[in-house]
Amino acid sequence: MPGIFAGSYFVAGSAVLILILTAALALLITRRYASSRQPQYAFWGVGLWLFAFGVLLEALFAMGVYDTAMAVAYFLSVALLVEFLAMGSVSMTKSRKAEYAYAVYSALAGVAVLYSLISSRLGDVIVNHVVFGVLPLSVVVSSSAATFPAAVILIALAVRSYIKRKSSKMLSIIAGVVVVSVAGTLYIAEFPAFLYYSEFIGILLLWLGFI
């Protein structure tokens, strides 16, 4: 889409704004963990810091700073952040078996994502200043194996928690987690701003849920 919404300044500016909001929320969740020592806050905090790292790379990509190592780091962080958010939710079940099973699965899935990224030729995946290039099949499959189960776990456990607590904040967290988890797929090359709209809305929903 031509015009200001496809420009590098708009994309980089949007990414910086989202980065500030995400880093602030990640810091808040990290402090909650420091004061409560509840494991879900540790996992959620790591997930949000990974999200902030990914957004930082998006800003650099928009400004023309790009290499293969950065692309590998970006796609790996996108996969891992969803896994850490899901692990935080799993830890709230207080089930050792569930925690161990998902920890093993997410670790194996993360290694598979890293291997597929390193062994594949990513090339230049930046289109209209955002990440949109065609990815190798191995990367798509491994990333899907990491993120789809995590997204299902996040939604299912969040809904269960809402049914138990009847908390409006939990509804906001559910919506925010869903949007943040799939933000990277909710845009098209002709309208790159949509990526940042979805990330911005997702982080605002999480803010409303956690504060």
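The values are calculated or read from the model by the stated rules, or taken from the named source; none is laboratory data. This is a predicted model, so every value here is computed, not measured. Cβ sites come from the backbone with ideal geometry, for glycine too, and all protein chains shown count toward neighbours.
Which of the residues that make up segment 58-100 are among the small types (Gly, Ala, Ser), outside any helix (DSSP H, G or I) and touching a residue at least 24 places away in the same chain (Cβ under 8 Å)?
Quick first cut of segment 58-100, residues among the small types (Gly, Ala, Ser) only: 59, 62, 64, 69, 71, 73, 77, 79, 86, 88-89, 91, 95, 98.
Right, trim to outside any helix (DSSP H, G or I) and you get 64, 95.
Selection gives Gly64 alone.
Identify, from the list Ala158, Ala103, the residue that is closer than 26 Å to Trp207 by Cβ, part of a helix (DSSP H, G or I), aliphatic (A, V, I, L, M) and under 18 Å from the mean Cα position of the chain (by Cα). I'd like the intermediate steps shown before the answer.
On the way: Ala103 fails: closer than 26 Å to Trp207 by Cβ.
Answer to the check: Ala158.
Give the residues of segment 32-50 that are farther than 17 Å from Val177 by Cβ and among the hydrophobic types (A, V, I, L, M, F, W, C), sorted by residue number.
Ala34 - this is the single residue of segment 32-50 that is farther than 17 Å from Val177 by Cβ and among the hydrophobic types (A, V, I, L, M, F, W, C).
I'd like the full set of residues that are farther than 14 Å from Tyr74 by Cβ, touching a helix residue (DSSP H, G or I) at 6+ places or on another chain (Cβ under 6 Å) and not hydrophobic (A, V, I, L, M, F, W, C), limited to segment 44-64.
Correct list: Gly45, Gly47.
Which residues, counting only those in segment 101-116, are in contact (Cβ under 8 Å) with a residue 24 or more places away in the chain and either within 21 Å of Leu137 (Cα to Cα) or touching a Cys at 6+ places or on another chain (Cβ under 9 Å) (or both)?
First pass over segment 101-116, keeping only residues in contact (Cβ under 8 Å) with a residue 24 or more places away in the chain: 102, 105-106, 109-110, 112-116.
Hits for segment 101-116 are Tyr105, Ser106, Ala109, Gly110, Ala112, Val113, Leu114, Tyr115, Ser116.
Does segment 128-144 hold any residues that are farther than 15 Å from Glu83 by Cβ and either modelled with pLDDT of 70 or more or among the small types (Gly, Ala, Ser) (or both), and which are they?
Kept after step one, since they are farther than 15 Å from Glu83 by Cβ, are these residues of segment 128-144: 128-141.
Those that are farther than 15 Å from Glu83 by Cβ and either modelled with pLDDT of 70 or more or among the small types (Gly, Ala, Ser) (or both): Gly133, Val134, Leu135, Pro136, Leu137, Ser138, Val139, Val140, Val141.
Identify the single condition in (1) over 21 Å from Ile29 (Cα atoms); (2) of a type in the set (Val, Ile, Thr); (3) modelled with pLDDT of 75 or more that Ile155 does not satisfy, given that it satisfies every other one.
With (1) over 21 Å from Ile29 (Cα atoms); (2) of a type in the set (Val, Ile, Thr); (3) modelled with pLDDT of 75 or more applied to Ile155, the lone miss is (1).
Among the residues of segment 120-131, are any assigned to a helix (DSSP H, G or I), within 19 Å of the chain's Cα centre (by Cα) and of a type in the set (A, V, I, L, M)? Walk me through it before giving the result.
Quick first cut of segment 120-131, residues assigned to a helix (DSSP H, G or I) only: none.
Checked against the condition, which is being assigned to a helix (DSSP H, G or I), within 19 Å of the chain's Cα centre (by Cα) and of a type in the set (A, V, I, L, M), segment 120-131 yields no hits at all.
Table: residues versus (1) in contact with a Ser or Thr (Cβ under 8 Å, 6 or more places away or on another chain); (2) modelled with pLDDT of 90 or more; (3) closer than 25 Å to Ile153 by Cβ.
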site: Tyr9; (1), (2), (3): no, no, no
site: Ile20; (1), (2), (3): no, yes, no
site: Ala26; (1), (2), (3): no, yes, yes
site: Leu56; (1), (2), (3): no, yes, no
site: Leu60; (1), (2), (3): no, no, no
site: Gly64; (1), (2), (3): yes, no, no
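Quick test of your reading of the structure: Ala189 fulfils all but one of (1) modelled with pLDDT under 75; (2) surrounded by 20 or more Cβ atoms within 10 Å (Cβ to Cβ). Name the failing condition by number.
Result: Ala189 fails condition (2) only.
Look through Val125, Val182, Val178 and report the one residue that is aliphatic (A, V, I, L, M), at pLDDT below 80, in contact with a strand residue (DSSP E or B) (Cβ under 9 Å, 6 or more places away or on another chain) and surrounded by fewer than 21 Cβ atoms within 10 Å (Cβ to Cβ).
Working: Val182 fails: in contact with a strand residue (DSSP E or B) (Cβ under 9 Å, 6 or more places away or on another chain); Val178 fails: in contact with a strand residue (DSSP E or B) (Cβ under 9 Å, 6 or more places away or on another chain).
From the options Val125, Val182, Val178, the qualifying one is Val125.
Here are the criteria: (1) more than 28 Å from Ser14 (Cα to Cα); (2) modelled with pLDDT of 90 or more; (3) small (Gly, Ala, Ser); (4) more than 15 Å from the chain's Cα centre (by Cα). Tell me which single one Ala42 does not satisfy.
All conditions pass for Ala42, except number (1).
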